[in-house]
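See below for the structure under consideration.
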Amino acid sequence: MKIAIMGAMSEEVAPILEALGNYNTVEYAGNKYYEATYKGVDVVVAYSKIGKVFSTLTATTMIEHFGCDRLLFSGVAGAINPELKVGDLIIATKLAQHDLDITAFGHPHGYVPEGAVFVDADRSLIETGKKVATSLGKSVKEGVIATGDQFVADEERKNWIAATFNADALEMEGASVAVVCNALGVPFFILRAISDAADMDASFSFDAFLETSAIESAQFVMQMVDEIVGQ
Ligand code: SAH
């Protein structure tokens with residue numbers, strides 16, 4: 001077993017590296033990858049940089065180059081579902097690309113031929129996540145995450161994404177990581193802590209809560225690793 005733990009920004013993986021303590025830094029394909037052994041299990045940690053392209057590169061590298069056989073993503077997101085407040089956690093059940101658009105040819109938003117609008121996350125890792133949530137006494141929401149190469153700070157765009165994909169939260173990397181893992185047959189788990197509400201105050205909220213929300217998410221993901229290692 002070799003577990004990939006990824007985020008998009010340094011703030012998202014810093015608490016994970018801190019929890020691991022000792023790690024070996026490897027530079028590859030324009031990025032840094034941190035290799036460690038945690039409770040006898042190999043892990044590789046990295047932040048991809050923001051967006052679908054960089055996250056695709058990092059997820060692929062972690063699987064194809066470093067040989068990871070499951071992937072956990074930890075990060076922050078904008079809330080769509082009004083039940084989700086800053087600091088709350090959401091586990092992705094399925095993910096879609098909200099900015100993928102060949103609707104001019106009669107296709108639905110998020111769809112390209114031979115692809116699918118939604119990619120399902122791994123059911124058994126979601127169950128592990130629920131078990132961890134229960135043991136921590138935390139209420140963690142499960143829901144749809146919409147991904148696009150856009151920081152959404154606009155009610156109109158947010159409402160459109162909500163209506164089109166029935167999404168509960170939005171961010172910039174989840175669906176691309178999902179496509180990679182799905183294609184390569186690697187079970188994946190995408191966790192996000194809310195940093196903002198994707199509205200006109202989103203950038204201020206993001207700056208204020210990035211660090212605390214990133215820690216919320218990272219701590220949960222480390223509990224997931226504990227659970228997986230113990231299984
Ligand atoms: N402040 C950063 C940019 C952050 S972009 C800088 O200047 O470098 C937002 C990041 O957090 C992305 O990685 C995305 O996945 C997530 N995110 C949080 N809130 C979001 C929102 N409202 N819209 C899109 N992505 C969001």
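The values are calculated or read from the model by the stated rules, or taken from the named source; none is laboratory data. Just so it is clear, the model here is predicted, and its values are computed rather than measured. Cβ placement follows ideal geometry from the backbone for every residue including glycine, while neighbour counts extend to all protein chains displayed.
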>> For the range 41-80, give me the residue count where each residue is within 13 Å of the ligand (Cβ to nearest atom) and either in a strand (DSSP E or B) or over 20 Å from A29 (Cβ atoms) (or both).
In response: 9
> Restricting the range 1-28 to residues that are among the aliphatic types (A, V, I, L, M) and closer than 20 Å to K52 by Cα, which is surrounded by the most Cβ atoms within 10 Å (Cβ to Cβ)?
Replying inline: I5
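From A92, A96, which residue is within 15 Å of the ligand (Cβ to nearest atom), in contact with a helix residue (DSSP H, G or I) (Cβ under 8 Å, 6 or more places away or on another chain) and farther than 21 Å from F206 by Cβ?
On the way: A92 fails: farther than 21 Å from F206 by Cβ.
Residue meeting the stated conditions: A96.
Can you confirm whether I161 is of a type outside the set (D, E), closer than 28 Å to M224 by Cα, modelled with pLDDT of 95 or more and within 18 Å of the chain's Cα centre (by Cα)?
Taking the combined requirement at face value, the residue does not satisfy it.
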